[in-house]
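For reference, the structure discussed in these notes is given below.
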Amino acid sequence: MNIAVNNYYNRAAVYPQHAKNKTASFAQVLADTASADLAETTPAKKEQTAAPQKEALLQTWYAGRPLSEWALSDPRYTDEETGISWYVRDGKHPYMTGEDAEKLKQLCEKTGESWLKKFAEMTGTIQKLDENTTAYVGTNGIAVMGKDGRQLSVDTSALSYDMLECLFDNLQRGGNYFDSSYWQNQLQKVF
């Protein structure tokens, strides 16, 4: 999920001191951004007696635009169980915005589940193939992992998000998930 990166990294592009200094390391950008965020959200001592300030909201950017703008034109999907929606950018990258992200966070706080894991399961980037085997779906491939330590990588870089959904919706269950010919047969059905 290349798009779901740390908000600090995405915001680094808006800080002018790094635009001039292209040799700034990621660690420096992160440190400077964190300091700037702390300064934005921490009231000065003399302002502490005034009304409390609203916490600054972070935005995630992709290709020079905030995700909230991309959401206006990207395909939208909704989880039937929770009613929470997400979008897919460039046919491969699932993401959430605003209210739905808050709903997911609140849901996971109640259940004690990791919100990142729940997001990955909702969007299909984590697929339970059976009780011993899990597939982790990325933008360029699938990593099939067994509880016994077996692993297999499957190249799916040519598939869009919708094609991957179709693959798993129609996947023949009970096959040998660690045999590359099994995956070749399943992929042929998608094309």
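The values are calculated or read from the model by the stated rules, or taken from the named source; none is laboratory data. These figures come from a predicted structure and were not determined experimentally. As a convention, Cβ positions derive from the backbone with ideal geometry for all residues, glycine included, and neighbour counts pool all protein chains shown.
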Residue satisfying condition, being over 29 Å from R89 (Cα atoms) and under 24 Å from the mean Cα position of the chain (by Cα), within set G175, G146: G146
Residues satisfying the stated conditions in the stretch 147-191, i.e. touching a strand residue (DSSP E or B) at 6+ places or on another chain (Cβ under 7 Å), in a helix (DSSP H, G or I) and among the aromatic types (F, W, Y): Y161, F168, W183
T134, sole failed condition from (1) closer than 17 Å to D79 by Cα; (2) polar (S, T, N, Q); (3) free of Cβ contacts under 8 Å to residues at least 24 places away in the same chain; (4) part of a strand (DSSP E or B): (1)
Residue match in the stretch 134-141 (condition: among the hydroxyl-bearing types (S, T, Y) and modelled with pLDDT of 95 or more): yes
Out of K105, K110, K128, K117, sole residue that is in contact with a strand residue (DSSP E or B) (Cβ under 9 Å, 6 or more places away or on another chain), charged (D, E, K, R) and part of a helix (DSSP H, G or I): K117
Count of the stretch 90-102 residues which are part of a helix (DSSP H, G or I) and touching a Ser or Thr at 6+ places or on another chain (Cβ under 8 Å): 2
Answer from W70, W86 - the residue that is modelled with pLDDT of 90 or more, in contact with a strand residue (DSSP E or B) (Cβ under 6 Å, 6 or more places away or on another chain), hydrophobic (A, V, I, L, M, F, W, C) and more than 17 Å from D162 (Cα to Cα): W70
Within the stretch 73-115, tally of residues that are without any contact (Cβ under 8 Å) to a residue 12 or more places away in the chain and among the hydrophobic types (A, V, I, L, M, F, W, C): 3
Every residue from the stretch 58-95 that is of a type in the set (G, A, S) and within 15 Å of the chain's Cα centre (by Cα): S68, A71, S85, G91
Residue list for the stretch 67-89, restricted to those being outside any loop (DSSP other than H, G, I, E, B), within 26 Å of K110 (Cβ to Cβ) and aliphatic (A, V, I, L, M): L67
Cross-chain or 6+ apart pairs with Cβ under 9 Å, the stretch 162-191 first and within 25 Å of P75 (Cβ to Cβ) and touching a residue at least 40 places away in the same chain (Cβ under 8 Å), then of a type in the set (S, T, N, Q) and surrounded by 14 or more Cβ atoms within 10 Å (Cβ to Cβ): L164/T125; L164/T156; F168/Q127; L171/Q127; L171/Q186
